[in-house]
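Everything below concerns the one structure shown next.
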Amino acid sequence: MKDEEYMFFALKQAKEALERGDVPIGAAVFLEDELISQDGNRVYSLNNSLAHAEINALRKISREVIKTSRWRLILATTYEPCPMCFGAALQSSVAKIIYGTNIDESGATHFKNYLPIFYRKIMPRDLQIIGGVLEEECKQIFLQGSFAEKLRKKGLIR
């Protein structure tokens with residue numbers, strides 16, 4: 001499966017998040033091209049600041065799946081993961097992160113260059129990070145949400 005195909009699943013979740021009034025970010029998790037989990041941001045609908053799309057999608061995966069598929073999972077998300085979600089991806093043994101956009105520069109994938117020695121030693125290969133996948137589509141859906149308006153008012157985006 002191509003990176004764009006993974007992103008279509010995440011975009012679907014972002015659209016659903018937008019429809020329910022949440023921040024329009026979606027995520028999907030794959031194991032060897034098989035979709036195993038997906039969800040959208042639910043921060044507003046659950047009144048829970050930890051209910052980011054990536055966390056929600058990763059939470060749905062059983063501990064057993066994570067153990068038996070270490071460092072073979074692919075996480076596709078419409079927005080570059082924040083520090084919390086990036087950490088959750090590492091804890092879940094994600095081997096590849098694909099993201100669409102990052103308008104306000106709040107993403108944390110650059111942390112890859114500063115991983116503690118522990119992570120660098122346990123990872124069997126380098127964590128792949130690919131940004132800008134279907135960037136325009138991801139950006140457009142994000143800008144439709146009320147959260148983008150809050151960022152505009154704070155001068156964080158145009």
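The values are calculated or read from the model by the stated rules, or taken from the named source; none is laboratory data. The structure presented is a predicted model; accordingly, all values stated were derived computationally and were not measured. Cβ: placed from backbone, ideal geometry, glycine included. Neighbour counts: every protein chain shown. Ligands, DNA and RNA are stripped out before the accessible areas are found, and what is left, the full protein with its side chains, is counted by its heavy atoms. Shrake-Rupley method; radii C 1.70, N 1.55, O 1.52, S 1.80 Å.
One line per residue, one yes/no per condition, for (1) in contact with a Lys or Arg (Cβ under 9 Å, 6 or more places away or on another chain); (2) more than 19 Å from residue 29 (Cα to Cα); (3) hydroxyl-bearing (Ser, Thr, Tyr):
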{"residue": "103", "(1), (2), (3)": "yes, yes, no"}
{"residue": "108", "(1), (2), (3)": "no, no, no"}
{"residue": "130", "(1), (2), (3)": "yes, no, no"}
{"residue": "138", "(1), (2), (3)": "no, no, no"}
{"residue": "146", "(1), (2), (3)": "no, yes, yes"}
{"residue": "151", "(1), (2), (3)": "no, yes, no"}
{"residue": "158", "(1), (2), (3)": "yes, yes, no"}
From 143, 151, which residue is at pLDDT 90 or above and open to solvent by less than 90 Å² (accessible area, probe 1.4 Å)?
143
Within the range 1-84, considering only strands (runs of 3 or more DSSP E) that don't extend past its boundaries, which have at least 2 residues that are of a type in the set (A, V, I, L, M), closer than 19 Å to residue 96 by Cα and open to solvent by 10 Å² or more (accessible area, probe 1.4 Å)?
34-40
Restricted to the range 102-126 and to residues being open to solvent by less than 90 Å² (accessible area, probe 1.4 Å) and closer than 24 Å to residue 13 by Cα, the residue modelled with the highest pLDDT is 102
